[in-house]
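Beneath this line is the structure, given in structure tokens, with notes to follow.
The values are calculated or read from the model by the stated rules, or taken from the named source; none is laboratory data. What you see is a predicted model; the values in this text were computed from it and never measured. Cβ coordinates were reconstructed from backbone atoms using ideal geometry, including for glycine residues, and neighbour counts include every protein chain displayed. Areas reflect the complete protein model, heavy atoms only, side chains present, ligands, DNA and RNA absent. Shrake-Rupley method; radii C 1.70, N 1.55, O 1.52, S 1.80 Å.
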Amino acid sequence: PFARQVRSTVATWIGLMDPLRSHYAKHPSAKALGLKRSAFSYIHKDGACPTCKGLGKTRIPMDFFGDLWSTCETCQGLRYRPEGLACKVDGYSIGEVLQLSVAAAATHFKALPKLQAIISLLQEVGLGHLRLGQPCNTLAGGEAQRLQLAGTLLQEGKGQRLFLLDEP
């Protein structure tokens with residue numbers, strides 16, 4: 001189940017991160033800064049914030065209670081190294097793009113068909129209110145189901161499919 005993975009976000013689950021990383025890596029500002037595609041991955045050592053390891057938050061262990069989580073002071077919760085966050089494309093770093101809602105991202109990326117197709121589908125299944133970088137383990141049950149539905153609809157070459165929806 002995707003919701004149990006700490007690093008899984010709406011963008012990673014739906015397959016948006018690969019074209020987004022490519023878009024940033026190809027931009028002249030990334031080339032000027034000497035950044036490769038891996039600098040735009042919060043999972044890769046070249047891109048992840050060294051303090052929080054790409055989680056955007058740091059864990060404070062509590063001996064007798066559940067652990068507390070605090071926003072990372074180094075990246076301010078954006079998950080990336082300062083070098084990656086310095087690269088701005090159309091006014092946004094990749095970390096800032098992940099803070100956008102699906103609805104705002106649809107407006108922002110309307111000129112990029114590959115990204116727009118994925119984002120539009122998220123809106124069509126009713127997930128326009130989610131942030132692209134929202135962790136999957138914070139989604140409600142219905143949101144998680146709609147995200148899985150959108151992911152399935154994006155898969156190509158699977159032949160005909162039948163969806164049985166037993167809830168309104």
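Quick one: in segment 23-51, which of the residues that are polar (S, T, N, Q) and assigned to a loop (DSSP other than H, G, I, E, B) is farthest from Val97 (Cα to Cα)? Step through it out loud before you land on a result.
Applying the first criterion (polar (S, T, N, Q)) to segment 23-51 yields 29, 38, 41, 51.
Checking which are assigned to a loop (DSSP other than H, G, I, E, B) leaves us with 41, 51.
Values: Ser41: 13, Thr51: 21 Å.
Of everything passing the filter in segment 23-51, Thr51 is farthest from Val97 (Cα to Cα).
So how many residues does segment 3-22 have that are farther than 25 Å from Thr74 by Cβ and in a helix (DSSP H, G or I)?
7
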Report summary line: Selection from segment 128-161 of residues among the polar types (S, T, N, Q), outside any helix (DSSP H, G or I) and closer than 19 Å to Ala117 by Cβ yields Gln155
Requested in this report: Count, please, the residues in segment 82-103 that happen to be open to solvent by 70 Å² or more (accessible area, probe 1.4 Å) and not hydroxyl-bearing (Ser, Thr, Tyr).
Outcome: 5
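Within segment 42-51, is there a residue that is of a type in the set (D, E, K, R) and either touching a Lys or Arg at 6+ places or on another chain (Cβ under 7 Å) or on the phi < 0 side of the Ramachandran plot (or both)?
First, the residues of segment 42-51 that are of a type in the set (D, E, K, R): 45-46.
Those left that are additionally either touching a Lys or Arg at 6+ places or on another chain (Cβ under 7 Å) or on the phi < 0 side of the Ramachandran plot (or both): 45-46.
Yes: one or more hits.
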Query raised in the report: Only one of (1) assigned to a loop (DSSP other than H, G, I, E, B); (2) open to solvent by 70 Å² or more (accessible area, probe 1.4 Å); (3) under 15 Å from Ala11 (Cα atoms) is not met by Gln123, so which one is it?
Result: (1)
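Can you work out which of the residues in segment 52-82 that are aromatic (Phe, Trp, Tyr) and assigned to a strand (DSSP E or B) is farthest from Leu98 (Cα to Cα)? Can you show your working first?
Kept after step one, since they are aromatic (Phe, Trp, Tyr), are these residues of segment 52-82: 64-65, 69, 80.
Of the ones still in play, those that are also assigned to a strand (DSSP E or B) are 69, 80.
Working: Trp69: 19, Tyr80: 11 Å.
This residue is Trp69.
Quick grid of which residues meet (1) open to solvent by 70 Å² or more (accessible area, probe 1.4 Å); (2) more than 16 Å from the chain's Cα centre (by Cα); (3) closer than 23 Å to Leu16 by Cβ:
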residue	(1), (2), (3)
Leu33	yes, yes, yes
Ser38	no, no, yes
Cys49	no, no, yes
Lys53	yes, no, yes
Thr58	no, yes, no
Trp69	yes, yes, no
Cys75	no, no, yes
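Can you name every residue in segment 1-31 that is in contact with a Lys or Arg (Cβ under 6 Å, 6 or more places away or on another chain) and open to solvent by 80 Å² or more (accessible area, probe 1.4 Å)? Step through it out loud before you land on a result.
Step one: list which residues in segment 1-31 are in contact with a Lys or Arg (Cβ under 6 Å, 6 or more places away or on another chain), which gives 19, 21, 25.
Matches in segment 1-31: none.
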